[in-house]
Amino acid sequence: MREMPSPYLAPRTTLRVGGTAIAELVLEHREDIALLPERLRALGGTPLVLGAGSNILARDGELPLVLVRPQFTDGPEIAGERDGKVLVRAGAGVPMARLLRFCAVNGLSGLEGLVGIPGSVGGAVAMNAGSHGTETGKNIVEIQVVIDNTIQCINAGELQYGYRSMCINGKKNDFIVLEATFGLTVAERDGICNCMRHNFFKKKSKQPVTAWSAGCVFKNPSPEMSAGRLLDAAGFKGRKLGGMAFSTLHANFLINEGKGSATAALALLQEAREAVRQRFGIELEPEVRIVPCPLP
């Protein structure tokens, strides 16, 4: 286990904002799991499991957090077959882009809709990342996690997943993903590549995929009513404050224009929520995870 004191959150998140945590604990070997409880007790603070930081809005200043970084980058690899599906296993630290390239090269279909999503396998599993009608959870066969300081294998039937959430025994954020095994279907490589290419360019035309962003900041109130449409109607597409802005491509994407802060980001989110509440009577719920505490 590697340990670093007072790490900055900003360079560890895709939104590039956030202050300093108490420490960072990097898990590189399965043996590190046994050492984790003692180190967390000694350091104090609240543990925050952090992968690529693509769905995090960390507050400014000194934060009472200890970052736990699972850096298991084994795989992707084919791990057999089951029920007509090819099993693909990948460590939590494997970038999603690498997993998708592996699937394309090996002619394995099922995850094409996730192209363009930043982050790692662990993060995608923990939040049930989704796009283009594809959800991470629907393709999981099993995951290996740490629960109550022990390593456990959880089958798909034991998972409860919903819109941008994943629960085990009714609890979310109470586990650390170590690896995931997906069940995929054999298909033509050209077809998979073409589908991924189409999805990526469609996403790029509508979302600021190259900007400093945490992705969609608010959950869609319903499948028929998107947060982006509500924010656009409330006049927040392109709205700026203190170096932060709602994207001109997609009103539900908050971006850092280079010198933004978490304080400005949270103020802008509150303005947007209030405007939508007053105009439509709808309470927008954050999709981005705000740490160390959510919006009121």
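State the extension gain, in nm to one decimal, for the chain segment bounded by N194 and R82, taking 0.36 nm per residue of separation less the distance between their alpha-carbons. Contour length minus the Cα-Cα distance gives 37.7 nm.
Loop-located trypsin sites (Lys or Arg not before Pro) across segment 1-85 with a Cβ neighbour count of 14 or fewer within 10 Å are R30, with loop assigned by DSSP.
Tell me which GluC sites (Glu not before Pro) from segment 265-296 have a DSSP coil assignment and no more than 14 other beta carbons within 10 Å of their own. Filter output for segment 265-296: E283. Amide H to amide H distances under 5 Å link S109 with T185, V186, A187, where only residues 5 or more positions off or on other chains count and H is placed in the peptide plane.
In sequence order, segment 213-226 has phi-based couplings of 8, 9, x, 5, 8, 10, 6, 5, x, 7, x, 8, 10, 8 Hz under the Karplus curve 6.51 cos²θ - 1.76 cosθ + 1.60, θ = phi - 60°, and Gly or Pro positions carry x.
Stretched out straight at 0.36 nm per residue, the stretch from R229 to R2 would grow longer than its current Cα-Cα span by 77.3 nm.
The loop-placed GluC sites (Glu not before Pro) in segment 7-50, going by DSSP, that have at most 15 neighbouring Cβ atoms within 10 Å of their Cβ come out as E28, E31. Helix-only arithmetic for the chain: the sum of -39500 (n - 2.57) across DSSP H runs with n ≥ 4, divided by the residue total, places the mean residue ellipticity at 222 nm at -7500 deg cm²/dmol. Taking amide H as placed 1.01 Å from N in the peptide plane, the amide H of F236 sits under 5 Å from none that are at least 5 places away or on another chain. Couplings 3J(HN,Hα) for segment 235-248, derived from phi with the Karplus relation 6.51 cos²θ - 1.76 cosθ + 1.60 (θ = phi - 60°), are x, 9, 5, x, 5, 10, 6, x, x, 10, 7, 7, 4, 7 Hz, where x marks Gly and Pro. Based on C-alpha pairs under 8 angstrom that are at least 6 apart in sequence, the chain has a relative contact order of 17 percent. Relative contact order of segment 161-296, please, whole-number percent, based on alpha carbon pairs below 8 angstrom and at least 6 residues apart. Once normalised by length, the contact order is 21 percent. Sequence-ordered 3J(HN,Hα) estimates for segment 148-164 from the Karplus curve with 6.51, -1.76 and 1.60 and θ = phi - 60° stand at 6, 6, 10, 7, 10, 9, 10, 6, 4, x, 8, 8, 10, 10, x, 5, 6 Hz, glycine and proline given as x.
Partner aspartates and glutamates whose Cα lies under 14 Å from the Cα of K204, excluding those fewer than 8 positions away in the same chain, are not found. Each peptide in 181-190, 151-160 receives the mean, over its residues, of other Cβ atoms within 10 Å, and ordering these scores from highest gives 181-190, 151-160. Counting only residues at least eight positions apart within a chain, or on another chain, the aspartates and glutamates with an alpha carbon under 14 Å from that of K237 are E271. For K171, the lysines whose Cα falls under 29 Å of its own Cα, not counting residues fewer than eight places away in the same chain, are K85, K138, K219.
Taking Cα extents along the principal axes in Å straight from the coordinates, which label in [x] 59, 34, 33; [y] 52, 51, 33; [z] 50, 49, 41 is the correct one? It is the value labelled [y].
For N220, the amide hydrogen comes within under 5 Å of the amide hydrogens of A227, counting only partners 5 or more places away or on other chains and with H modelled in the peptide plane.
Values in this text are rule-based calculations from the coordinates and carry no lab data. Keep in mind that this is a model prediction, so the values were computed, not measured. Reconstructed Cβ throughout: ideal geometry from the backbone, glycine too, with neighbour counts over all protein chains shown.
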